[in-house]
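Everything on this sheet refers to the single structure shown next.
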Amino acid sequence: ATTSASNSLVLQATDVDSNIAHAVLLHAPEKGTLSVKGKELKVGDTIPWDEAAGGAKVDYEYGGEGDDDKAAQGAQFLDEDSFTFGACDEEGECSKEEDGAEVTVKIKNGLQADPISSTIAEDTALLVTLTGGRTTGEGGGTEAAPDLSFAVVTPPTSGALYQCVPPQGGSTPCGGTKACPCCMPDDCGLTPLAAADAVEDATGRVLYKPDDDFFNCPTKAKECSAAVAVGESVSFVYEVRDADSRRSPPATAEVWVKNEPDYPYLRGPREFDAEVFQEVRLPAGLEIGDPDKDLEKWGVTISTGAEYGGFVYLNDKIRA
């Protein structure tokens with residue numbers, strides 16, 4: 001059962017020599033209520049047997065608030081409740097009180113954050129909308145509420161997460177049913193979100209930006225966190241919070257970063273002196289590379305300049 005909704009239960013029993021006619025409530029729950037079609041059950045009340053459902057159908061609704069400490073820690077279960085029922089067969093024989101079946105109801109956290117997955121190309125920013133809310137009972141659905149918000153539990157394993165804030169100086173109207181556009185991190189100088197930071201956007205939007213040149217990060221001159229291998233994903237963890245500081249169990253947001261091809265590069269001196277008919281070595285510091293490491297053959301063009309004419313001879317050992 002959950003703290004925020006009515007939950008349907010089916011009570012089951014068997015009889016060795018007759019059919020079950022109905023169930024009977026022997027001990028009522030202490031922290032919640034049982035009902036059938038909206039009518040609250042009292043001790044001694046009978047519960048109709050539903051052959052199609054395979055037992056007696058009742059609705060349980062938790063009436064407590066749960067353990068505040070557990071709720072503040074985002075625990076999956078916040079409390080327990082119990083009740084006892086017996087059964088009567090078609091001959092009028094009923095189970096004795098000491099033979100009744102005790103049902104233990106574990107009270108789940110009524111706040112829930114949803115696991116999500118997104119895809120992005122490297123060197124671009126991704127708008128991620130966090131989802132979750134209060135559980136609605138059967139079906140496992142959730143609904144948002146004004147007193148609920150999101151918070152980061154664990155930042156991304158690579159790259160950074162940022163608040164969604166309107167562009168600086170922007171005049172685009174927003175609010176109500178119209179969401180504000182988000183300013184891109186490089187343009188706004190935003191500070192990455194850290195563990196326990198609250199998400200400020202009312203609709204739960206955050207921006208994720210991978211490390212620059214995500215798949216070849218170590219080749220960059222600037223410092224960046226360790227690149228994630230091709231085929232792996234980046235993830236961060238978030239939660240739902242209410243106005244009383246209760247927290248949902250954490251959920252994982254997964255972001256798959258697609259590799260974008262990188263061009264080969266030539267670094268080092270672009271000009272050098274040479275004498276006619278003299279063998280000249282290429283200058284030191286000339287570096288040729290391919291970040292993707294997927295080229296099968298190199299090709300290098302060296303020009304003498306149109307005003308001089310002539311030609312350049314490449315030693316066979318350095319031809320590609």
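For the pairs Lys31/Lys96; Lys31/Lys106; Lys42/Lys96; Lys57/Lys108; Lys70/Lys108; Lys39/Lys108, note any where the Cα-Cα span goes beyond 22 Å.
Lys31/Lys96; Lys39/Lys108
Give me the 1.4 Å probe accessible area per residue for segment 8-140, excluding ligands and nucleic acids, in Å². Don't skip to the answer; put the middle values down first.
Details: 7430 Å² over 133 residues.
Accessible area per residue, segment 8-140: 56 Å².
Report, to two decimal places, the Cα Rg of segment 70-138 normalised by 2.2 N^0.38 Å (N = number of residues). Present the calculation step by step, with values, prior to reporting the outcome.
Working: Rg = 22.7 Å, N = 69, 2.2 N^0.38 = 11.0 Å.
It is 2.07.
Assuming a ≥ b ≥ c are the square roots of the Cα gyration tensor eigenvalues, decide whether segment 1-133 counts as rounded (a/c under 1.5), prolate (otherwise, with a/b larger than b/c) or oblate.
Prolate shape, in that a/c is at least 1.5 and a/b is the bigger ratio.
Quick check: residue separation of Thr203 and Ser118 times 0.36 nm, minus the Cα distance between them. What number comes out in nm?
28.9 nm
The values are calculated or read from the model by the stated rules, or taken from the named source; none is laboratory data. Quantities reported herein were computed from a predicted structural model and do not represent experimental measurements. For the accessible areas, the whole protein counts, side chains as well, though only heavy atoms, and no ligand, DNA or RNA atoms are used. Shrake-Rupley method; radii C 1.70, N 1.55, O 1.52, S 1.80 Å.
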